[in-house]
1. List the pairs whose first member sits in region 40-65 and is farther than 18 Å from ARG91 by Cα, whose second member is polar (S, T, N, Q) and surrounded by fewer than 16 Cβ atoms within 10 Å (Cβ to Cβ), and whose Cβ atoms are under 6 Å apart, counting only residues at least 6 apart or on separate chains?
2. Across region 19-42, what is the total count of residues that are over 16 Å from the mean Cα position of the chain (by Cα) and not in a helix (DSSP H, G or I)?
3. If ARG5 meets every condition in (1) buried (at least 17 other Cβ atoms within 10 Å of the Cβ); (2) touching a residue at least 40 places away in the same chain (Cβ under 8 Å); (3) part of a helix (DSSP H, G or I) apart from one, which number is that one?
4. Confirm whether LEU94 is hydrophobic (A, V, I, L, M, F, W, C), more than 19 Å from ASP7 (Cβ to Cβ) and touching a helix residue (DSSP H, G or I) at 6+ places or on another chain (Cβ under 8 Å).
5. For region 23-32, enumerate the residues that are surrounded by 15 or more Cβ atoms within 10 Å (Cβ to Cβ) and either over 20 Å from ALA67 (Cα atoms) or modelled with pLDDT under 90 (or both).
6. Can you confirm whether region 56-79 contains a residue that is modelled with pLDDT of 95 or more, of a type in the set (Asp, Glu) and assigned to a loop (DSSP other than H, G, I, E, B)?
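The values are calculated or read from the model by the stated rules, or taken from the named source; none is laboratory data. Quantities reported herein were computed from a predicted structural model and do not represent experimental measurements. Neighbour counts are summed over all protein chains in view; Cβ atoms, including those assigned to glycine, are modelled from backbone coordinates with ideal geometry.
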Amino acid sequence: MADHRTDLLEQLRDEVGTMPFPPGWYQHEPGGHSLVILRTTLVGSAAAVLDGPLDERHRDHLRSHLAALTRLLPEFAHDPYAARYFAAVHRMALLAERIDGERGTG
């Protein structure tokens, strides 16, 4: 990847992909959000951004799931690993959204 930001996005996506999902959080649905689906959607969105601009539907998914995770981050404060894990997912998704937006498509 030629662009430093896309290199970083790829690195963050790989990092999140190798981190085990936080134990004990599989069944939690804070704010009515499945954390597994939230994480999966955001990792998939990051991978799609690495392949090129998102279409409007996928861009909306990225934005809405990123906004949900942003609201949920305080929920993980009492669990240091979960806080670190979901902060990494958040950084990755935020960068994916910025890259996609700067392509002039959003």
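1. Correct list of pairs: PRO53/THR105.
2. Of the residues in region 19-42, 7 are over 16 Å from the mean Cα position of the chain (by Cα) and not in a helix (DSSP H, G or I).
3. The single condition ARG5 does not satisfy is (1).
4. Considered against the rule, which asks whether it is hydrophobic (A, V, I, L, M, F, W, C), more than 19 Å from ASP7 (Cβ to Cβ) and touching a helix residue (DSSP H, G or I) at 6+ places or on another chain (Cβ under 8 Å), LEU94 comes out as no.
5. Within region 23-32, HIS28, PRO30 meet the criteria.
6. yes
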